[in-house]
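Engineer: I have a structure I would like to understand better, so I am pasting it below and will then ask my questions one at a time.
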Amino acid sequence: TDRYVGAVMADNGCMYFIPYFATTTIMKYDIENDVLSTFGSITVGWRGAVFAPNGKIYCAPAQSGDVMIIDTRNSDAISYTAIAGLTGGGAVNFLGGVLAPNGKIYFAPYQNDSSILVYDTANDTYVLVSTGFVQTSSAGWASAALSPDGAHVYFAPVNKTAILKIEVATNTVSSFGS
C-alpha cells in the first residue's frame, strides 16, 4: 500500500509528505535541523500538493472528498474544503496540480475526467470546469504544467489520447493530439 504520494517544499524550510493510503499522519522534514516528525490525525486519500505564497499547502483530493489545507504559518493547522459531489474511498478523483499567476490551483482530472478542479487560494472557493469528456472509470489525466507565460495549464494524458489544456483567464478547455 502507498503511504505517502507527493512531497512539497514550504517557505519555512520544511518539506511536507502527503498521506495517501497507509498512514493517517502528515510527515514533515525540517531540512535545516535534520528533524523528521509527523503530525495530524487525518483520514487518507490525497495525492500530490501545491504550496501557495500564502503559506498554505493544498492537497489534491484523490480518494478524499475534500481539499486538505495545511497552514505552514499557523502551527501546521489542518483544514478542509469539501468538494460537492466527491466522496472518499472510491475512484481517484484528482491528482497533483499547479498554481497559476491568478492564485488558482488547477488539479489534474484523473478518474473524475469530466471536470478540472480549479481552487482559488485567495478565498478557499472552487469551481469544477467541464472538460467536455464523459466521465469514465479509467484514468484521464495526471500531472499539470503551467505554460511559461502563465496563460495555460496542460494536463498529461494517462489513458486518454489527447493533451488537455485550460486557459487560465477564461477557464476555456480544449484538447489536442491524437
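Engineer: What is the distance, in nm, between label points placed 7 Å from the Cα along the Cα-to-Cβ direction at residue 176 and at residue 84?
Structural biologist: Those two pseudo-labels are separated by 3.3 nm.
Engineer: Still on this model: Over segment 40-89, what per residue volume does the convex hull of the Cα atoms give, in whole Å³?
Structural biologist: Spelled out: Cα convex hull of segment 40-89, divided by residues, is 67 Å³.
Engineer: With springs only between Cα atoms under 10 Å, which of 16, 58, 106 fluctuates most in a Gaussian network model of the chain?
Structural biologist: Evaluated over the chain, the most mobile residue of the options is 16.
Engineer: Something else about it: Using all alpha carbons of the chain, what is the percent of pairwise distances in each 10 Å bin, ordered from the shortest bin to the longest?
Structural biologist: Bin by bin from 0 Å, the calculated values are 10, 40, 35, 13, 1.
Engineer: Also, I was wondering about something else. Looking only at 132, 96, 48, which one moves most when the chain is put into a Gaussian network model with springs between Cα atoms under 10 Å?
Structural biologist: Most flexible of the set in this elastic network: 132.
Engineer: Shifting gears a bit: May I have the convex hull volume per residue, in Å³, for the Cα set of segment 111-178?
Structural biologist: Output value, Cα hull per residue: 92 Å³.
Every number here is computed from the coordinates shown, using simple stated rules; none is lab data. Bear in mind that the values here come from a model prediction, so they are computed numbers and not experimental data. Using ideal geometry, Cβ is built from the backbone for each residue, glycine included, and neighbour counts are taken over all protein chains shown.
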